[in-house]
Amino acid sequence: MRRSEAVWPACLALAKPGALRYVAAHRGLARRLAPAQDGHLVNYDQIFDQAIDRLHSEGRYRVFIDILRNKGAYPNARCFAGHNGPKDITVWCSNDYLAMGQHPKVIAAMEEALHDVGAGSGGTRNIGGNTHYHIDLEAELADLHRKDGALLFTSGYVSNDATLSTLAKILPGCVIFSDELNHASMIAGIRNSGAPKQVWRHNDLAHLEELLAACDPELPKLIAFESVYSMDGDVAPIHAICDLADKYNALTYIDEVHAVGMYGPRGGGIAERDDAASRLTIIEGTLGKAFGVMGGYIAADARIIDVIRSYAPGFIFTTSLSPVLVAGVLASVRHLKASSVEREAQQAHAAMLKALFRGAGLPVMDSTTHIVPLMVGDPVLAKRISDILLAEYGVYVQPINYPTVPRGTERLRFTPGPAHTEAMMRALTAALVEIWDRMELRLAA
């Protein structure tokens, strides 16, 4: 039995029962075979099985937890454990950082839109799917970042992929300078652009300048980086990067998905907090984290927005966001522009949890943001700790493994929000200390 199959009674759901029956039975069925070039038959099922077996052997096989959040009571949720019915749990790893997905204004706006215009958008933005909700939200996002315009996408992943790949194709000979810890969606966009790239060591300005200085000064250049790096919780030196962009005539592209709504007096992100938004060419964000709903966007000057709108396949050829979702985001953005209560509570609770972890000797990583990562360093162990927390303590935190983080740096990533109480944090800390002791792991003195 694989180690990850030996999961004791927790709220773990790999797939629907029919799919599970197929997985269990298909080994005894006749294989689907096709002739290969050398005359032998290709065993497709064996190739697929081997691919999954590699993940199991490395402790990287991902298990989806089957939960339902309790409306108006976040971070409380229900987890489904087979035929035993739902189990009450506390969610500690959601990216709905400020619980805006539960906010009465957001829910009311979505209900109103649903009854006003129906469920779906009806098409792409160009053909039937451009609603007044979309136009209003883009105006709000442009204002949030003090830019001429904004453009909505179906997700943050799509906004990164579509924008970066399109921008580099439009700029002849463009060279992209990418921080080594950039998100997979940024890497995909850079790769899909076909443009040459230079990867600079994480937040290493000397290395970035060395690469910029070595590049042909006549070539277009784009520096792509994030503001908050979500697995380590550190922050980019935005002004210093912009100084280099000015010096070497480069454009800048910042991913603020883990910062929008969270930082700045109106939730405009780290760039707003540091008064740097005006220096950045393109600001990219998500609508599915601090804003609590779904979608992605970019904000930039009107010319760049028009280029991406007109050339990016990831924007042109996909159905636009449902107006119901857009209405919810619109309410969320407007609320967080005016209210800092949620941001302040979230920051206070993140600081409290870090202090509790440190005080207990738990291996909390250094973080200057709302991210609270706890180092484990082994994928199987991280999964085991996560399973114990869920099954015995009703605590849901997902293990973070390769390729999301480098091998040997596997961790648990906690995201305390404004609704997590001190009692919850103390109970969580005590549970982790007990597990560390049970598994004979080392605690700091």
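Given only helices, namely DSSP H runs of n ≥ 4 each adding -39500 (n - 2.57), what is the per-residue ellipticity at 222 nm of the chain, to the nearest 500 deg cm²/dmol?
So the helix-based figure for the chain works out to -12500 deg cm²/dmol.
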Need the C-alpha centroid separation for segment 367-383 versus segment 121-142, integer Å.
39
Ordering I107, I254 from largest to smallest accessible area (1.4 angstrom probe), what's the sequence?
I107, I254
Answer label for Cα Rg over 2.2 N^0.38 Å (calculated), chosen among (i) 0.95; (ii) 1.08; (iii) 1.04
(iii)
Ordered by residue, what ³J(HN,Hα) values in Hz, to whole numbers, does segment 394-411 give under the Karplus form 6.51 cos²θ - 1.76 cosθ + 1.60, where θ = phi - 60° and Gly and Pro are x?
x, 10, 9, 9, 8, x, 10, 10, 4, x, 5, 10, x, 4, x, 10, 4, 8
Along Cα→Cβ, 7 Å out, is where each label goes; now give me the distance between the ones at D437 and K71 in nm to one decimal.
4.2
Would you please give the residues with an amide H less than 5 Å from that of T252, counting only those at least 5 places away or on a separate chain, with H modeled from the backbone geometry?
I223, T281, I282
On full extension of the chain, what length is gained from L114 through Y44, given 0.36 nm per residue of separation minus the C-alpha to C-alpha distance?
20.7 nm
Spelling out what I want: for every residue of segment 112-123, take phi, set θ = phi - 60°, compute 6.51 cos²θ - 1.76 cosθ + 1.60 (Karplus), and round to whole Hz; glycine and proline get x.
4, 5, 4, 7, 8, 10, x, 7, x, 7, x, x
In whole Hz, what ³J(HN,Hα) sequence does segment 303-308 give by Karplus (6.51, -1.76, 1.60; θ = phi - 60°), x for Gly and Pro?
5, 5, 4, 5, 5, 5
Full-extension gain in nm, F64 to A214, via 0.36 nm per residue minus C-alpha separation
49.4 nm
What is the gain in length, in nm to one decimal, between H207 and D306 on full extension, counting 0.36 nm per residue of separation less the C-alpha to C-alpha distance?
32.3 nm
Mind listing the long-range amide H neighbours of E226? Cut-off is under 5 Å, sequence gap 5 or more, other chains count too, H placed in the peptide plane at 1.01 Å from N.
D255
Relative contact order for the chain, counting Cα pairs under 8 Å that sit 6 or more residues apart, in percent:
19
Label points 7 Å out from Cα along the Cβ direction at K105 and R407: separation in nm?
4.8
Suppose we keep just the DSSP beta bridges with both residues in the chain; what percent of those would be antiparallel, to 5?
60
Long-range amide H partners of G149, meaning residues 5 or more apart or on another chain whose placed amide H is closer than 5 Å, are A300, A302
Using a 1.4 Å probe on the protein heavy atoms, what percent of the accessible area of the chain belongs to carbon and sulfur?
55
Relative packing of peptides 245-253, 44-52, 281-289, 297-305 - highest average C-beta neighbours within 10 Å first:
281-289, 297-305, 245-253, 44-52
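The values are calculated or read from the model by the stated rules, or taken from the named source; none is laboratory data. In this text, all values refer to a predicted model and were calculated from it rather than measured experimentally. When we count neighbours, we look across all protein chains shown, and the Cβ atoms used for this are built from the backbone with ideal geometry, even at glycine. Side chains are part of the model used for accessible areas, which takes the heavy atoms of the whole protein and leaves out ligands, DNA and RNA. Shrake-Rupley method; radii C 1.70, N 1.55, O 1.52, S 1.80 Å.
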